[in-house]
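For reference, the structure discussed in these notes is given below.
The values are calculated or read from the model by the stated rules, or taken from the named source; none is laboratory data. Please read all numbers here as calculations on a predicted model, not as lab measurements. As a convention, Cβ positions derive from the backbone with ideal geometry for all residues, glycine included, and neighbour counts pool all protein chains shown. Calculation scope for accessible area: heavy atoms of the full protein, side chains included, ligands and nucleic acids excluded. Shrake-Rupley method; radii C 1.70, N 1.55, O 1.52, S 1.80 Å.
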Amino acid sequence: MAAQPDVLVVGAGFAGMYAVYRFRKLGLQVRVLEAGSDVGGTWYWNRYPGARCDVPSLEYSYGFSPELEQEWDWPEVFSAQPDILRYANHVADRFDLRRDIQFNTRVTAAAYDDEANLWHLETRAGEAFSAPYCVMATGCLSVPIKPDLTGAESFTGTVLHTGLWPKEEVDLEGKTVGIIGTGSSGVQAIPELAKLAKSLHVFQRTPVYTVPANRKTMREAVQQEFKDNYRSIRDMQQNNAGGVSNFRPQRSVKKPTPISFRAADNNIKPLSEQERRARVVQRGLGELLAFSDVYTDSEANEIANELFREGVHHLVRDSSTAQALCPTDYGLGCKRQVLDRDYYDTFNRDNVNLVDLQATPLETITPTGISTDARHYDLDVLIYATGFDAMTGALLKANVTGRGGQPLKDKWNYGPVTYLGLQMRGFPNLFTVTGPGSPSVLCNMIIAIEQHINWIGDCITYLREHGIRTIEPKEHSESTWIEHVNEVAQGTMFTSPNCNSWYLGANIPGKPRIFMPYVGGYPRYRDRCEHEAARDYEGFELDRSA
Ligand code: FAD
Ligand code: NAP
């Protein structure tokens with residue numbers, strides 16, 4: 001039997017992978033348990049056609065190794081899933097990470113043993129693991145969900161979920177495909193599925209605001225300029241609210257990017273109708289996202305929403321399809337911004353049909369397809385692009401129990417309660433990576449992940465060096481932090497009453513409506529974490545009785 005590690009890590013996405021590297025450097029014995037058969041997390045599971053990043057790859061990449069930064073080349077500015085997965089595999093090979101990772105191992109329970117001061121983990125296969133520290137690197141978007149639709153089990157064709165896409169190629173040639181869901185995953189998949197399938201029915205409940213993605217291939221000179229400036233780029237990321245440097249190459253670009261129009265006082269309201277329209281005509285629908293007041297002022301928001309809808313009517317030929325594609329009951333900035341490649345134009349294809357589920361509600365799944373109250377759609381393949389039990393799903397699914405056997409699901413009965421999205425009171429020596437209450441999904445996630453793993457590694461080192469038995473947040477720290485998390489989210493479009501997003505848990509029936517990530521900005525958050533470490537973790541209770 002292998003020796004007991006110092007730290008057990010659950011998950012081998014970018015967080016778990018970096019944990020292996022970092023914790024090893026700190027002299028810790030680490031063991032990672034991962035449900036999938038290899039590294040990559042999100043990019044291992046989400047292999048649907050069209051899957052790609054919405055953060056530039058030179059920024060959505062690890063910053064811990066200057067050598068890695070220099071040797072890796074990205075083929076596109078915003079990389080596709082296969083390239084990101086290739087990168088994850090390269091990192092695993094280069095730093096020999098797999099020897100500390102056990103794959104095909106799903107953790108089904110994690111329990112704190114007060115007496116032994118150990119975390120005991122159980123796996124689906126019945127294996128048991130113990131360690132003094134446990135890090136849940138289980139991901140914010142790693143529990144795919146399917147809605148509870150009548151008759152769903154009866155469908156005899158092929159059923160797929162974008163978040164659990166098979167490794168083997170899916171042959172859609174000559175097939176009639178139905179897809180439910182038009183969030184980021186659906187919007188990315190739909191144009192590609194339309195090219196592969198004989199015909200595609202898109203079952204849409206809520207239309208989406210989506211803007212064209214940057215689709216440039218990487219020019220070598222630009223990549224080199226990034227590489228030459230990587231240290232200052234990483235510093236700039238640390239000081240940006242979303243963890244993105246916004247570094248603008250100068251030497252390698254053919255025409256330097258004008259950036260002045262993205263100034264903080266770039267508001268839509270003071271502009272005349274003509275000026276607003278001219279901006280959209282000139283720069284496209286994405287320009288609406290550059291106006292600051294769109295995110296905080298409901299009047300400005302509605303001006304932008306209306307211009308957006310006008311834009312959709314210009315892009316989609318059939319006016320009733322265009323009308324159905326226009327969001328009307330919530331505004332820009334409420335949900336995670338969706339980026340697309342030819343989404344609206346896809347609805348101009350002869351083989352694509354939009355089924356508006358608000359006009360003709362879905363009644364049942366049948367053995368051969370989907371019935372709405374208007375008609376039946378025969379399908380060979382049914383694809384769910386219906387999202388995830390975000391932020392809390394993977395933690396709750398792992399059946400975590402803390403001191404005295406308290407289940408995490410009880411502690412979080414009214415919504416997630418954490419201190420800094422890193423720890424929960426009553427769950428000593430357990431750490432969450434990019435947990436609720438941290439910038440997490442509002443940030444370039446690799447930046448957020450590296451900061452968390454660094455903080456956790458330093459914290460564990462401190463505990464060991466000072467002979468401290470346990471760490472957990474003080475009650476006051478936890479409650480004031482959660483108040484602060486809620487307070488900063490108020491007044492933004494994220495929490496407007498007509499906004500129903502997964503950030504708020506609104507995509508899961510019965511999930512408490514709480515805005516889960518920290519919207520106060522990554523630098524402010526990072527300062528707070530650093531403050532804690534610099535002051536001997538004063539917001540935490542440290543048990544020195546060891
Ligand atoms: P994950 O990559 O989710 O990895 C968690 C791992 O934990 C998984 O492999 C899972 O199998 C494992 N796991 C979970 N529970 C258990 C258990 N009980 N037992 C064992 N193993 C378990 N973020 C961005 O910043 N930019 C983007 O452009 C972007 N695009 C995205 C596109 C998609 C399709 C999705 C779904 C998410 C995207 N994200 C993006 C968010 C993305 O999840 C993060 O960027 C990042 O990959 C998260 O890494 P992670 O290691 O924290 O979690
Ligand atoms: P999502 O945003 O939650 O979208 C789910 C979709 O499924 C919505 O359109 C939803 O409609 C629909 N749906 C759910 N239940 C339904 C039902 N019963 N009937 C009909 N429709 C139903 O999930 P996602 O698209 O997978 O994206 C989740 C997150 O992952 C993103 O916000 C993003 O953070 C990340 N992601 C990023 C990228 C990227 O660009 N890099 C790509 C994919 C995912 P309603 O709105 O009506 O509920």
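Kindly indicate whether any position in the stretch 165-177 is touching a strand residue (DSSP E or B) at 6+ places or on another chain (Cβ under 8 Å) and open to solvent by 50 Å² or more (accessible area, probe 1.4 Å). Yes, the stretch 165-177 has at least one match. The criterion of at least 2 residues that are within 30 Å of His452 (Cβ to Cβ) is met, among helices (runs of 4 or more DSSP H) falling completely within the stretch 229-331, by 230-238. May I ask you to verify whether Val244 is β-branched (Val, Ile, Thr), surrounded by 15 or more Cβ atoms within 10 Å (Cβ to Cβ) and either within 30 Å of Arg526 (Cα to Cα) or touching a strand residue (DSSP E or B) at 6+ places or on another chain (Cβ under 8 Å) (or both)? So Val244 passes the test. Residue-level analysis places Tyr133 outside the set of residues that are of a type in the set (Phe, Trp, Tyr), over 20 Å from Ile460 (Cβ atoms) and either within 12 Å of ligand 1 (Cβ to nearest atom) or crowded, with 20+ Cβ neighbours inside 10 Å (or both).
For the stretch 77-92, the count of residues that are open to solvent by 30 Å² or more (accessible area, probe 1.4 Å) and of a type in the set (Ser, Thr, Tyr) is zero. Taking the criterion of being of a type outside the set (A, V, I, L, M, F, W, C), farther than 25 Å from Leu332 by Cα and surrounded by 15 or more Cβ atoms within 10 Å (Cβ to Cβ), the residues of the stretch 196-222 that qualify are Ser199, His201.
Scanning the stretch 167-214 for residues that are within 15 Å of ligand 1 (Cβ to nearest atom), in a loop (DSSP other than H, G, I, E, B) and farther than 12 Å from Thr386 by Cβ yields a count of 4. Mind listing whichever residues of the stretch 369-410 are touching a Ser or Thr at 6+ places or on another chain (Cβ under 7 Å) and polar (S, T, N, Q)? Passing the criteria: Ser371, Thr372, Asn399. Taken over the stretch 376-388, the criterion of being within 14 Å of ligand 1 (Cβ to nearest atom) and either of a type in the set (S, T, N, Q) or surrounded by fewer than 20 Cβ atoms within 10 Å (Cβ to Cβ) (or both) is satisfied by Thr386 alone.
Got at least one residue in the stretch 139-147 being part of a strand (DSSP E or B), open to solvent by 10 Å² or more (accessible area, probe 1.4 Å) and within 16 Å of ligand 2 (Cβ to nearest atom)? Yes, the conditions are met somewhere in the stretch 139-147. Among the helices (runs of 4 or more DSSP H) contained in the stretch 6-74, which hold 1 or more residues that are in contact (Cβ under 8 Å) with a residue 12 or more places away in the chain, closer than 17 Å to Leu141 by Cβ and within 12 Å of ligand 1 (Cβ to nearest atom)? Answer list for the stretch 6-74: 14-25, 42-45. Listed conditions (1) touching an Asp or Glu at 6+ places or on another chain (Cβ under 7 Å); (2) at pLDDT below 95; (3) not hydroxyl-bearing (Ser, Thr, Tyr) are all met by Lys227, apart from (2). Does Gly126 count as out of contact with any helix residue (DSSP H, G or I) (no Cβ under 7 Å at 6 or more places or on another chain) and under 30 Å from Ala506 (Cβ atoms)? When the stated conditions are applied, Gly126 does not pass them. In the stretch 153-174, the residues that are in contact (Cβ under 8 Å) with a residue 24 or more places away in the chain form Cβ pairs under 8 Å with partners that are open to solvent by less than 60 Å² (accessible area, probe 1.4 Å) and among the charged types (D, E, K, R), at six or more places apart or across chains, as follows: Trp165/Arg47; Pro166/Arg47; Lys167/Arg47. Screening the stretch 333-353 for residues that are assigned to a strand (DSSP E or B) and open to solvent by less than 50 Å² (accessible area, probe 1.4 Å) and picking the one that is farthest from ligand 2 (Cβ to nearest atom) gives Val352. Within the stretch 409-459, the set of residues being part of a loop (DSSP other than H, G, I, E, B), of a type in the set (Phe, Trp, Tyr) and open to solvent by 10 Å² or more (accessible area, probe 1.4 Å) comprises Trp412, Tyr414.
Out of Glu115, Glu127, Glu169, which single residue is among the charged types (D, E, K, R), modelled with pLDDT under 95 and at negative phi?
The unique qualifying residue is Glu169.
Within the option set Ala12, Ala19, Ala51, being within 16 Å of ligand 2 (Cβ to nearest atom) and crowded, with 23+ Cβ neighbours inside 10 Å holds for one residue only, Ala51.
Of the residues Thr108, Thr150, which single one is in contact with a strand residue (DSSP E or B) (Cβ under 6 Å, 6 or more places away or on another chain) and part of a loop (DSSP other than H, G, I, E, B)? Unique residue meeting the criteria: Thr150. Take the conditions (1) more than 9 Å from ligand 1 (Cβ to nearest atom); (2) in contact (Cβ under 8 Å) with a residue 60 or more places away in the chain; (3) out of contact with any Phe, Trp or Tyr (no Cβ under 7 Å at 6 or more places or on another chain); (4) of a type outside the set (D, E, K, R); Ala3 misses just one of them, which is (2). Taken over the stretch 389-400, the criterion of being surrounded by 22 or more Cβ atoms within 10 Å (Cβ to Cβ) and not in a loop (DSSP other than H, G, I, E, B) is satisfied by Gly393, Ala394, Leu395, Val400. Checking each residue in the stretch 39-48 for being within 13 Å of ligand 2 (Cβ to nearest atom) and of a type outside the set (Gly, Ala, Ser) picks out Thr42, Trp43, Trp45, Asn46, Arg47, Tyr48.
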